1. When the residues of region 81-97 are narrowed to those that are modelled with pLDDT of 90 or more and of a type in the set (D, E, K, R), which ends up least open to solvent (accessible area, probe 1.4 Å)?
2. Please count how many residues of region 81-104 are more than 12 Å from the ligand (Cβ to nearest atom) and closer than 20 Å to GLU148 by Cα.
3. Can you pull out every residue in region 114-128 that is polar (S, T, N, Q) and either modelled with pLDDT of 85 or more or touching a helix residue (DSSP H, G or I) at 6+ places or on another chain (Cβ under 8 Å) (or both)?
4. How about region 210-235: which of its residues are under 18 Å from ARG192 (Cβ atoms) and of a type outside the set (A, V, I, L, M, F, W, C)?
5. Looking only at region 57-80, filter to residues that are of a type in the set (D, E, K, R) and open to solvent by 60 Å² or more (accessible area, probe 1.4 Å); which one of those is farthest from the ligand (Cβ to nearest atom)?
6. What are the pairs with Cβ atoms under 7 angstrom where one residue, in region 248-269, is in contact (Cβ under 8 Å) with a residue 60 or more places away in the chain and the other, located anywhere, is surrounded by 15 or more Cβ atoms within 10 Å (Cβ to Cβ)? Sequence gap at least six, or different chains.
7. Take LEU11 and decide whether it is open to solvent by less than 40 Å² (accessible area, probe 1.4 Å) and part of a loop (DSSP other than H, G, I, E, B).
Amino acid sequence: MAIASPAPLSLGQALPWQDEQWQQLCYLLNSNRLPHAIMLSGAQDTGKRHFAERFVQRLFCTRPVDDGACGECKQCRLYLSGGHPDFRRIEPEAAGKAISINAIRELSEFAVITAHQQNWKIALVAPVEAMTLNAANAFLKTLEEPREKTLLLLVHDQLAPVLPTIRSRCRVLSQGLPPPAVARDWLAERLRNDGASVDELLARAGGRPLRALGFAEANTLDDIARFEQVLKQVQTGEAAPITSAAAFEGQPLNQLLEWLLVYYSRQLITTAQRGGKAEPRQFAFYDLLLSTRKKLESKTNLNPQLVLEELFLSLSQSA
Ligand SMILES: [Zn+2]
């Protein structure tokens, strides 16, 4: 299927399924009731970072229009240039890596200094579950000492739980998956594409529009189709699990695991839709997928090839 290459999403893009929460947050801001710490919690690749960045710019903006940033004032331009002195982004150095205690120490220093522009001071921590335990404990101290016009924005991708002591000190905004029709319209407009491939992209992305967009940009659907073909063969006993796993050596395990999770949950859903009942061993395999993802996120030292072999073996026994 042909997919037009879409224009890249700009940071802080407004996304239609976030309208209601955006209005809520602006209402709190306009009535001077903004909490000092906000945690955006929801599935990965649904736009939480865009929401957070958009709100950061809105807070800095001195000439907001209809509850949005103007994009032209000095503060907006400072923010958009990436050099706003009163803003910090705390992220892992690379995807899948941890946020270290050093990064959090710098954040605590940032939290106590006076704002350069006599306005808001904002730190964005994303994703919050990437903090090591030491980093999380150090972060608690900053969280426990709220300062005026200082906002801590946390993004939680729900790949691992967050310390309850951190969670309880934040206003948690849960962001569910967007309604399918809204996600479909948005993606179709971005890709200027016919409905069929948009539905396919969204299904493979587990309903997460930004992931679906990423798939389209990287032409990932073909790779996923090949992977699923092998999964099917392993499941039906047409292909041997270990040799099949070898074909994917060197590919990022977290990506393969996400594809496997979507593939398997779609099977469970189809079974249920047909009025069938999944077997206990099928749920056990699904649990294994989830616990493997947790292990990956907790930075446990895993041998990716060994893990994939084990998953393929269990898949062949789960059918
Ligand atoms: Zn502005």
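1. The selected residue is ASP86.
2. In the first step, residues of region 81-104 are kept if they are more than 12 Å from the ligand (Cβ to nearest atom); the result is 81-83, 85-104.
Right, trim to closer than 20 Å to GLU148 by Cα and you get 85-89, 104.
The total comes to 6.
3. Step one: list which residues in region 114-128 are polar (S, T, N, Q), which gives 114, 117-119.
Scanning region 114-128 gives THR114, GLN117, ASN119.
4. Narrowing region 210-235 to residues under 18 Å from ARG192 (Cβ atoms): 210, 212-219, 221.
GLY214, GLU217, ASN219 - these are the residues of region 210-235 that are under 18 Å from ARG192 (Cβ atoms) and of a type outside the set (A, V, I, L, M, F, W, C).
5. Looking at the filtered set, the residue picked out is ASP66.
6. PHE248/LEU256; PHE248/LEU308; ASN254/LEU296
7. Values: open to solvent by less than 40 Å² (accessible area, probe 1.4 Å): no; part of a loop (DSSP other than H, G, I, E, B): yes.
In short, no.
Rundown of residues vs (1) open to solvent by less than 20 Å² (accessible area, probe 1.4 Å); (2) closer than 30 Å to LEU290 by Cα, yes/no style:
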{"residue": "ILE113", "(1), (2)": "no, no"}
{"residue": "HIS116", "(1), (2)": "no, no"}
{"residue": "LEU133", "(1), (2)": "no, yes"}
{"residue": "GLU144", "(1), (2)": "no, no"}
{"residue": "LYS149", "(1), (2)": "no, no"}
{"residue": "HIS156", "(1), (2)": "yes, yes"}
{"residue": "SER168", "(1), (2)": "no, yes"}
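The values are calculated or read from the model by the stated rules, or taken from the named source; none is laboratory data. Every value quoted in this text rests on a predicted model; they were computed, and no experiment measured them. As a convention, Cβ positions derive from the backbone with ideal geometry for all residues, glycine included, and neighbour counts pool all protein chains shown. What goes into the accessible areas is simple: the full protein's heavy atoms, side chains included, and nothing from ligands, DNA or RNA. Shrake-Rupley method; radii C 1.70, N 1.55, O 1.52, S 1.80 Å.
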